[in-house]
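Below: one structure, written as structure tokens.
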Amino acid sequence: MKRATIFLASVFLFLILPWQANADISITLSLDRNEATLMDSVTMLVKLSGVRKGDARPVLKGLESFDVTRGGSSSRFEIINGKVNSGIDYTYLLRPKKTGAFKIGPAEVKVKGKTFRSNAETLKIMEPVRSSDANRGPLFLSAALSSKKIYVEEKAIYSLKLYCRKRVGDLSLNLPETEHLTFKQLGKPIEYQGVYNGESYKILEVRYSLIASEAGIYAIRPSRMNMTVVESRRRSRGSLFDDPFLSMSSSRPMTLDSEPLELEVVSLPDKGRPAGFSGLVGNFEMESRLEPSRIKAGESATLTVCLKGRGNIKRMPDLKMPDLDQIKVYADQPVLEEKTDTKGQTGAKTMKWALVPETEGRYRIPPLVVSFFDTRKHKYSTIKTRPRSLDVLPGEAARVQASADPGKGKAPEGPAKKAVKEIGHDILPVHASIKDLATGSRERPGGLVFWAVLLFPLFVYGGTLCGLKIGRKSTASMTAAKAKKASRDFIRKCRRDDLGSNDLILFITDYFNDRFGLSLGSLTPDEAAGIMESKGVSPETTGKMKNVIKTLEDAVYTGKGHDSCEMGENIPKLIRQVEKEIR
């Protein structure tokens, strides 16, 4: 019964969700970072929300100075608290051709003939980092500041980059502790490939906003990162006792320190400081709206003011409405929304007031004023909302009074009473005696239509149960056939002699997707081990597969992914063993 109910509910959702999912369509463009070098690659993500498919792929603008590689697309569909969210994510890889600051976007996409446009992002491309050191080794940690001189409460970006040409794990970071300096992480760490002094590295970057509460020159001590480094060992050729699937690596702890940095923090100038300055620093703008702008006496209008921008948003003031003649003002609680990106923090504070005029007429709502220190112009700025006008028309009581005859000198009388008119009878008669109920004929159910309506739900229920059983058997047989075919396809692909690590990782990922009904874009050693353990594969075989994938990843990360791999002949044997142990 429960399964049948779920099936019927699914059919209902399938019928109503297509038009619900298209209710709010939007498109956004984002970059994994906003600064890169000529030797780096930048990942761009275009997210189309509110629709399951578009008329075509997005059209991208501002990419003339980049080599663009498509990274594929993925669909998403979810229901959260009854709200449907569906969309498509398009991934692109950008490789810059020259230095400079470039505007990326907007992206345009057509859905059912209508064009939607995304936001635009700015990407700054710089020359590759050149160091006096010929080679800093396969592992090092580098720190940098977006600006070496800032104002009090102005935010600088403190970025740490871990350059790797070895496999590492168990990372932990200790930031320097300096009085009057506060660090706050900006988003999650990002990974990408980059070049330093002509050497290719895998780079792990994490960013922090750095804010100083007092002026002075700060010596920022090095950040320290602890990790475990995995050292690969090659097995000797010709040994009869070496098992290629046993662990061929060892690990050792390592600690890396970044460079020390210096930051100069200067006080905000006294010259030009507005009266009542709240300490707001950054770049801000303000807008307002009055809804409605025309009301009747006794009704209310709402004035909404939104102050938004980038900077020390915690300093956004709560604005106060000045006293207004013959208008009662009721303030709502301000709402502050904060967002964090790779450039720092942005925020928007929304303030609302309910305005209730006491008499009719035209009222002027004066502008509201906010002052802040503009870090781009290096001076104080003042922004204002637009003055608004509120028209108040006479209310119901006023109109009745105005329509009275002025010659009689008294208020008009109300409308004359009218006689009650019978317009109908009760649907059922009222019986005064129980004898009334004994007479008359009693209708009995019968007829083809009656029994068809009565038995229709039973037939639907029975048909649904049969459909579920048939579908379950069909799905199970198809899954078994697909799983059996997955191992045969993998072994057939491995018969080539020129296979590299890139090819083998791709073949293993395809095998796991087909064998276990997954849709993984990439497969990590831990993910593979977790899947195999859940399917009853022994720990020994699971460990062998995990080591194989790790060895292949090492070859890819060191630039040897296209070289012929020695393990290509042994992996099919491991897949056969996996098939034997799967429950």
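Do the conditions hold for ALA143, that is, is it of a type outside the set (Asp, Glu), over 17 Å from THR37 (Cβ atoms) and touching a Pro at 6+ places or on another chain (Cβ under 8 Å)? Walk me through it before giving the result.
Working: of a type outside the set (Asp, Glu): yes; over 17 Å from THR37 (Cβ atoms): no; touching a Pro at 6+ places or on another chain (Cβ under 8 Å): yes.
In short, no.
Here is a list of conditions, (1) outside any loop (DSSP other than H, G, I, E, B); (2) modelled with pLDDT under 90; (3) assigned by TED's automatic domain parsing to the domain that holds HIS378, and CYS306 meets all of them except one; can you say which number that is?
So CYS306 meets the others, but not (2).
Can you list the strands (runs of 3 or more DSSP E) found entirely within the range 331-388 that contain at least 3 residues being within 32 Å of the chain's Cα centre (by Cα), assigned by TED's automatic domain parsing to the domain that holds LEU290 and more than 30 Å from ALA297 (Cβ to Cβ)? Let's see the steps before the verdict.
On the way: elements: 335-341, 344-357, 361-365, 369-374, 379-384.
Fully inside the range 331-388 and qualifying: 335-341, 344-357, 369-374.
Return yes or no: is GLU338 surrounded by fewer than 16 Cβ atoms within 10 Å (Cβ to Cβ), closer than 30 Å to VAL42 by Cβ and of a type in the set (D, E, K, R)?
Working: surrounded by fewer than 16 Cβ atoms within 10 Å (Cβ to Cβ): yes; closer than 30 Å to VAL42 by Cβ: yes; of a type in the set (D, E, K, R): yes.
Yes, satisfied.
Given the conditions (1) part of a helix (DSSP H, G or I); (2) modelled with pLDDT under 80; (3) of a type outside the set (Lys, Arg); (4) over 30 Å from LEU574 (Cβ atoms), report the number of the one that ILE423 does not fulfil.
(1)
Determine whether TYR208 is within 22 Å of ASN312 (Cβ to Cβ) and touching a Phe, Trp or Tyr at 6+ places or on another chain (Cβ under 8 Å). Step through it out loud before you land on a result.
Numbers: within 22 Å of ASN312 (Cβ to Cβ): yes; touching a Phe, Trp or Tyr at 6+ places or on another chain (Cβ under 8 Å): yes.
Yes, satisfied.
What number of residues in the range 501-538 are more than 28 Å from TYR90 (Cβ to Cβ) and surrounded by fewer than 20 Cβ atoms within 10 Å (Cβ to Cβ)?
8
Since GLU154 meets every condition but one in (1) under 29 Å from the mean Cα position of the chain (by Cα); (2) closer than 27 Å to ASP40 by Cα, which condition does it not meet?
Result: GLU154 passes all but (2).
Would you check if there is a residue in the range 106-125 being in contact with a Lys or Arg (Cβ under 6 Å, 6 or more places away or on another chain), assigned by TED's automatic domain parsing to the domain that holds ASN226 and over 17 Å from VAL229 (Cβ atoms)?
There is no residue in the range 106-125 that is in contact with a Lys or Arg (Cβ under 6 Å, 6 or more places away or on another chain), assigned by TED's automatic domain parsing to the domain that holds ASN226 and over 17 Å from VAL229 (Cβ atoms).
Test LEU290 against the stated conditions and say whether it is within 33 Å of the chain's Cα centre (by Cα) and over 19 Å from THR346 (Cα atoms). Working first, answer last.
Working: within 33 Å of the chain's Cα centre (by Cα): yes; over 19 Å from THR346 (Cα atoms): yes.
Answer is yes for this residue.
Looking at (1) crowded, with 17+ Cβ neighbours inside 10 Å; (2) over 19 Å from CYS494 (Cβ atoms), which one does LYS550 not meet, given that it meets all the others?
(2)
Yes or no, residue by residue, for (1) farther than 30 Å from VAL42 by Cβ; (2) aromatic (Phe, Trp, Tyr); (3) touching a Gly at 6+ places or on another chain (Cβ under 7 Å):
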{"position": "GLY311", "(1), (2), (3)": "no, no, yes"}
{"position": "ARG315", "(1), (2), (3)": "yes, no, yes"}
{"position": "ILE327", "(1), (2), (3)": "yes, no, no"}
{"position": "GLN333", "(1), (2), (3)": "yes, no, no"}
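Quickly run through the range 212-261 and pick out the residues that are among the β-branched types (Val, Ile, Thr), under 37 Å from the mean Cα position of the chain (by Cα) and modelled with pLDDT of 90 or more.
Residues of the range 212-261 among the β-branched types (Val, Ile, Thr): 217, 220, 228-230, 255.
Remaining after also requiring under 37 Å from the mean Cα position of the chain (by Cα): 220, 228-230, 255.
The answer is ILE220, and nothing else.
Given the conditions (1) surrounded by fewer than 15 Cβ atoms within 10 Å (Cβ to Cβ); (2) under 29 Å from ARG376 (Cα atoms); (3) among the acidic types (Asp, Glu), which single one is not true for ASP170?
Of the numbered conditions (1) surrounded by fewer than 15 Cβ atoms within 10 Å (Cβ to Cβ); (2) under 29 Å from ARG376 (Cα atoms); (3) among the acidic types (Asp, Glu), the odd one out for ASP170 is (2).
Going by the structure shown, is ALA56 more than 17 Å from the chain's Cα centre (by Cα) and at pLDDT 65 or above?
On the way: more than 17 Å from the chain's Cα centre (by Cα): yes; at pLDDT 65 or above: yes.
Yes: the conditions hold for ALA56.
Only residues that are under 19 Å from LEU160 (Cα atoms) and either touching a helix residue (DSSP H, G or I) at 6+ places or on another chain (Cβ under 6 Å) or not in a loop (DSSP other than H, G, I, E, B) (or both): list them for the range 207-225, please.
To start, the set of residues in the range 207-225 that are under 19 Å from LEU160 (Cα atoms) comprises 207-212, 218-225.
Selection gives ARG207, TYR208, SER209, LEU210, ILE211, ALA212, TYR218, ALA219, ILE220, ARG224, MET225.
Please give the number of the condition ASP325 fails out of (1) acidic (Asp, Glu); (2) under 17 Å from ALA301 (Cβ atoms); (3) at pLDDT 90 or above.
Tallying (1) acidic (Asp, Glu); (2) under 17 Å from ALA301 (Cβ atoms); (3) at pLDDT 90 or above, ASP325 fails exactly one: (3).
Could you list, in sequence order, the residues of the range 341-363 that are on the phi > 0 side of the Ramachandran plot and buried (at least 17 other Cβ atoms within 10 Å of the Cβ)?
Hit for the range 341-363 is GLY344, nothing else.
Regarding LEU393, is this residue touching a Phe, Trp or Tyr at 6+ places or on another chain (Cβ under 8 Å) and either farther than 30 Å from ALA156 by Cα or outside the structural domain of LEU210 (by TED's automatic domain parsing) (or both)? Walk me through it before giving the result.
Numbers: touching a Phe, Trp or Tyr at 6+ places or on another chain (Cβ under 8 Å): no; either farther than 30 Å from ALA156 by Cα or outside the structural domain of LEU210 (by TED's automatic domain parsing) (or both): yes.
The answer is no for LEU393.
Inside the range 276-309, can you point out the residues that are in contact with a Gly (Cβ under 6 Å, 6 or more places away or on another chain) and small (Gly, Ala, Ser)?
Result: GLY282, ALA297, GLY298, GLY309.
Say we look at the range 194-211 and pick out the residues that are aromatic (Phe, Trp, Tyr) and closer than 21 Å to ILE125 by Cβ; which of these is farthest from the chain's Cα centre (by Cα)? Steps first, answer last, please.
First, pick out the residues of the range 194-211 that are aromatic (Phe, Trp, Tyr): 196, 201, 208.
Filter again for closer than 21 Å to ILE125 by Cβ, leaving 196, 201.
On the way: TYR196: 31, TYR201: 28 Å.
The residue in question is TYR196.
On the basis of being modelled with pLDDT under 50 and over 34 Å from the mean Cα position of the chain (by Cα), does GLU413 make the cut? So that I can check it myself, show each step before the final result.
Values: modelled with pLDDT under 50: yes; over 34 Å from the mean Cα position of the chain (by Cα): yes.
Answer is yes for this residue.
The values are calculated or read from the model by the stated rules, or taken from the named source; none is laboratory data. As the structure is a computational prediction, the values presented were derived from the model and not from experiment. Note: ideal-geometry Cβ built from the backbone for every residue, glycine included; neighbour counts use all protein chains shown.
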